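Here's the structure, in structure tokens; my notes come after.
Coordinate-derived values only; no laboratory data. The shown structure was predicted, so the numbers you read here are calculated from the model rather than taken from an experiment. Here the Cβ positions follow ideal geometry from the backbone for every residue, glycine too, while neighbour counts run over all protein chains shown.
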Amino acid sequence: MGYGMQKKEEERAPGRPRDPETEERILEVALRLLSADGYSRMSLDTVAAEAGVSKPTIYRRWSSKADLATAALRTMQVAEPKVDTGSTVGDLVAALENFSRSLLRPNGMSLIGTVLAEEGHTPELLRLFRERIVGPRRAILRGILHRAAARGELREDADVDAAVQMLVGGFYARYLASGRIPAGFAREMVGIVWGGVAQRRR
């Protein structure tokens with residue numbers, strides 16, 4: 001078995017703190033298999049074998065295959081650079097560029113597709129995906145816009161939720177239409193949306 005870790009995992013004394021390197025390795029393997037094979041063909045047996053652990057080791061950390069898969073997908077967002085440019089427009093552009101890099105990584109859009117394909121068969125997967133991936137992504141953009149509103153930069157009637165939907169949705173629409181996201185697209189999208197919600201200067 002890879003890494004020669006399974007026996008060590010099984011012999012570890014109860015109550016001993018979990019090894020973060022083991023968790024990281026499991027998540028890396030799960031993300032790779034999810035990307036290569038899709039959710040339906042990714043098996044916990046294969047994840048365990050390639051990560052060098054037992055299936056009980058996986059189940060002690062994640063309650064189900066859907067739980068593990070979405071935790072693995074979440075690692076892509078956690079690894080993104082922090083957004084703090086000193087301006088609202090700059091922060092929005094930086095947040096969208098993070099999103100673009102995740103979307104354009106190998107099989108990035110396919111990972112989203114494999115989640116959506118399971119909606120009718122594994123509703124837990126889409127629920128966790130929305131909770132762990134979609135929600136935090138929108139929360140970042142919403143937070144930037146709410147801070148802008150607190151500084152008086154937004155129109156009083158600005159619809160923050162609609163702005164967030166347009167910023168994120170524009171990337172999906174462009175990718176589906178052409179299979180690519182051109183350089184500068186994040187700034188272009190922000191310019192369009194910001195023009196509709198920003199307080200007009202007198």
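The table below gives the values:
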{"quantity": "Karplus-derived HN-Hα couplings along segment 131-138 (A = 6.51, B = -1.76, C = 1.60, θ = phi - 60°), whole Hz, x at Gly and Pro", "calculated": "6, 9, 10, 5, x, x, 4, 5"}
{"quantity": "When the convex hull of its Cα atoms is projected in every direction, mean area for the chain (nm²)", "calculated": "13.8 nm²"}
{"quantity": "Size of electric dipole in the chain: Cβ of Lys, Arg +1 and of Asp, Glu -1, about Cα centre, debye, nearest 20", "calculated": "380 debye"}
{"quantity": "Neighbourhood net charge (10 Å Cβ-Cβ; Lys/Arg +1, Asp/Glu -1) for residue 93", "calculated": "-2"}
